[in-house]
Structure formats: C-alpha cells, structure tokens
1. Return the aspartates and glutamates within reach of residue 33: Cα separation strictly under 14 angstrom, same-chain partners fewer than 8 residues apart disregarded; answer none if there are no such residues.
2. Sort the stretch 53-96 into rounded, prolate or oblate with this rule: let a ≥ b ≥ c be the square roots of the eigenvalues of the Cα gyration tensor; rounded if a/c is under 1.5, and if a/c is not under 1.5, prolate when a/b is larger than b/c, oblate otherwise.
3. Any chance you could check the Cα centroid distance between the stretch 87-143 and the stretch 16-40 for me, in angstrom?
4. Using the Cα gyration tensor of the stretch 178-263, with a ≥ b ≥ c the square roots of its eigenvalues, what is the shape: rounded (a/c below 1.5), prolate (a/b larger than b/c) or oblate (neither)?
5. If the only charges are +1 at each Lys and Arg Cβ and -1 at each Asp and Glu Cβ, what is the size of the charge dipole of the stretch 96-229 around the Cα centre, to the nearest 20 debye?
6. Quick one: which of 37/290; 15/290; 76/195; 241/283; 76/256; 57/269 span more than 27 angstrom between C-alpha atoms?
7. Taking the simple approach of a point 7 Å from Cα along Cα-to-Cβ for both residue 190 and residue 20, what is their distance in nm?
8. Expressed as a rounded percentage, what relative contact order does the chain have, with Cα pairs under 8 Å and six or more residues apart?
Amino acid sequence: MIFMKDATTLEDLRKHEIPERVTIVKGGGDLPKIKVKTDWSVAEIYLLGAHVTGFQKNGEPPILFMSQASQFALGKAIRGGVPIIFPWFGAREGFPSHGFARVTEWEWEGSSAAPDGSVTLRFHLPTAAHAANSPSENVTFVVTVSDQLTMELTVANLSPTENLNFENCLHTYFAISDIAEVEITGLSGTTYIDKVDNFTVKQESAAAIRISSETDRVYLDTSGPVEIHDSRLHRKIRVEKISSTSTVVWNPWVTKAKEMSDFDDDEYKQMVCVEAGNVGQNKVNLAPGKSASLKVILSTA
Ligand code: BG6
C-alpha cells in the first residue's frame, strides 16, 4: 500500500504509480487522472470528485458513458461516469446540486495491486470540504478494478453524541447502444416517485422498464440487483447494490438534454443512469460512532 500526503502536483502523484497497473496522467482541463489497467479491463478515475470516468472490459465497448461536452474544472461536476452524490441528493438552494463531494478534489490515499490481479485505489474526502456540513464525519471511497468494478463509499460518524443524517448515491451513467434497444429489470412491483409527473408516487407495473420520454424516478426500498439489457450489444450490465435502498433511473430525453450545457443534444440516446444510493425517505441516519458503506458492483455478461 502506498500512502500520499499533501500531494499537490502531478509529479508528487507520479510517485504512487504501480508499474503496468496504475499511471497518473493529465486529463481534461489538465486535472490529474489515474489510469488503471488489469488483465481484464481498464479504468480511469479523476481526483476531482474521486470520479470514475471510465471502465471497459477487454474486447467490450465501454460500460460507462461520458459526455463529449463534459467540463473538467475544479468546482464543476463531470458529466458522465460515476459522480459521487453526498451528502444530499438533488438541488439545495445556494449549494451545489447533488452535494459537494462531486465538485471537490479528493485526496488519493493509496493504491495496491493484489495477487489475484485486482487493483484497488483509496480516496479520502478532505475534511475542509465538509467541515461546514459536519466536522465529525469521515468519508472514504474505495475503487477496485478487476473483471468487474467495485465502488464503496463509507461514511463514519465520529461524533460521540450526535446522529448523522445524509443522502448518498453512486450516480452511474451507463453506455448503451441506443435507448430504444434497452430494458431495465429488477424494479418490478416497487414504489417510485415520478419526478417528471409532479413527484407523484406510483407503482412500477412493468416487468422490464423501457424509456421513451424524459424519465426521472426514485425507486424506494429497492435493494436487489438491477440489470440493463442491451439487445443490440447483446450485453447485460448488472448493478449489484449493497446497503443501497434507493434506485434512481434517469434519462433527460430531448428537451432537458438541450438545456444542459455540458451534454450534447443527441447523447440521451447513448446513456441511461441507474443510480444506487439512499435518498429521500431512505436517507441514512447514523448513530454516534457508527459507519455506513454504500457498495456497488458493476459486471457484464
Ligand atoms: C438525477 C436526478 O439523479 O440527476 C435528476 O434525479 C437530475 O433530477 C439528474 O436532473 C442530473 O443532475 P445534475 O445536477 O448532474 O444535472
């Protein structure tokens, strides 16, 4: 394990490369980007937001979608990949949408290559970033790359007396052949909040969800795996959720896509977000001294 302290330049970060496995490069906006290579796959992670922007298995199309129009700048959210949503989900007046974690540069704590061939990177949300929210929380993010992508966001409540409430979400953008070719399973029979229909509470009656208009739904009390079936790619992406009781399904469709300055007009056809977390009435309430880990494992078949 390699530990990094006060690394501020690319040269400092370079010391933490692992030959043939972990490399530091300048990414978009000249921001530091970590490239990971394993025997099965490649991945990319920015320190900005500890944001995974790429995961691709050898011989397969990318699993994560990245917008061609994404901005790469401190204080701005990257559009695509896996934004970390914390400590709130959605808009909050006067504060960044979806919390500050995705617009903050995280500390890179270390990396390791295991004998089984997997590579693990560890990140820490700087205390200064969340001191105003709660000085007594410790937030880490661990990414393990192998033939699957495992991401684990852990929040510890360091307070000896106070509970800690927060929302979290790994807001994953999946790359698909075409939105018309895709079905999502695993949510049938559950209750969701339909954000594009005035937050009406509905029951999911479809065995397989198809998207043909703007879709923005928060599925509640859903902890089982969700699968994205892409008939043109003959690929099934599996989203395994551990300690996640909410699932958000989002596609901006035509009008919303045009309104987004960091998203190309036609890109809604190439992506769907299936987001695993704990939001709204499923938010986390941590007792003093306790910690909670949100874990998501992405695999394909
Ligand atoms: C989804 C929300 O999780 O994220 C949507 O449910 C929102 O309402 C979308 O539009 C994108 O949010 P942002 O802040 O990245 O533009």
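Each reported figure results from applying straightforward, stated rules to the coordinates on display, with no laboratory input. Quick caveat, the model's predicted, so the values are computed rather than measured. Backbone-built Cβ (ideal geometry, glycine too); neighbour counts: all protein chains shown.
1. Within the straight-line limit of under 14 Å, residue 33 reaches these aspartates and glutamates: 11, 12, 17, 44, 105, 107.
2. Cα axes put the stretch 53-96 in the prolate bin.
3. Comparing the Cα centres of the stretch 87-143 and the stretch 16-40, I get a distance of 18 Å.
4. Since a/c reaches 1.5 but b/c is at least a/b, the shape of the stretch 178-263 is classed as oblate.
5. With only Lys, Arg, Asp and Glu charged at Cβ, the dipole is about 180 debye.
6. Correct reply: 37/290; 15/290.
7. Going from the residue 190 label point to the residue 20 one covers 4.1 nm.
8. Relative CO of the chain lands at 17 percent.
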